[in-house]
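Reviewing the structure listed below.
The values are calculated or read from the model by the stated rules, or taken from the named source; none is laboratory data. Quick caveat: nothing in here was measured; it's all calculated off a predicted structure. When we count neighbours, we look across all protein chains shown, and the Cβ atoms used for this are built from the backbone with ideal geometry, even at glycine. The area values use the complete protein model at the heavy-atom level, side chains included, leaving out ligands, DNA and RNA. Shrake-Rupley method; radii C 1.70, N 1.55, O 1.52, S 1.80 Å.
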Amino acid sequence: MGCCVSLQGIIRDCENGIGGIRRAWGVCFDKVGKPTVTNNKISAISNPSEWEEFEFRKQTGSVTTTITREDANGSLYFESAIVLQFSKQETVKRIEINAIAAGDTAWIIQDNNDVYWYFGFDYAVTLSDGTAETGTSFGDLNGYSITLNDLAKQMPYEVDETAMKAISGSDN
């Protein structure tokens, strides 16, 4: 017997969305419990003061979520790759990236449409790979690029303004 869902449809928008991400907030996965979801958005997050902000240059970060359905196994899951690039190699950044690489984390990503997305809802986000580059030419990157991976049972949840204000302390 098949599984039937109720579809609502998707209306064409005004095509004013832009790509990329603006900011990211990360936290040790063990310091936050499962967020509260209301109306299919995250409405509350425990320990909002534990989150740390990560800034980077525009047009250097992205999130790609891949949907995988395996009919033979009866599985459906979502894998998100969060790519963050930090300019200029320096000790403080190296130490922070080492901590991210060694730990289990959760992340909130603000995209360039000012929408906030939560990663680490079902399982901890982990660093899957990264590079430290000096570059060759003056115009090349001197810095770090990391990729964080999130495996989840659903696509990332949007974080509502109230929950985000508790983390950032302001109206971003």
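Computed quantities for the displayed model
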quantity	calculated
Where Y123, Y118, Y157, Y77 fall by accessible area, highest first, once all protein chains stay in place (1.4 Å)	Y123, Y77, Y157, Y118
Accessible-area order (highest first, 1.4 angstrom probe) of the listed residues L148, L7	L7, L148
Folded to 0 to 90 degrees: helix 91-102 orientation relative to the chain principal axis, Cα	30 degrees
In Å, descending, principal axis extents of the Cα set of the chain	59, 38, 37
Nearest-20 debye value, the range 13-172 charge dipole, Cβ charges on Lys, Arg, Asp, Glu	240 debye
Probe 1.4 Å, protein heavy atoms only - accessible area per residue of the chain in square angstrom	65 Å²
When each of K41/K88; K88/K165; K34/K88 is checked by Cα-Cα distance, pairs over 32 Å	K41/K88; K34/K88
Net dipole in debye of the range 36-106 [+1 Lys, Arg Cβ; -1 Asp, Glu Cβ; about Cα centre; nearest 20]	300 debye
Estimated 222 nm signal from helices in the chain, with DSSP H stretches of n ≥ 4 weighted -39500 (n - 2.57), rounded to 500	-3500 deg cm²/dmol
Whole-percent carbon and sulfur share, accessible surface of the range 70-142, 1.4 Å	51 percent
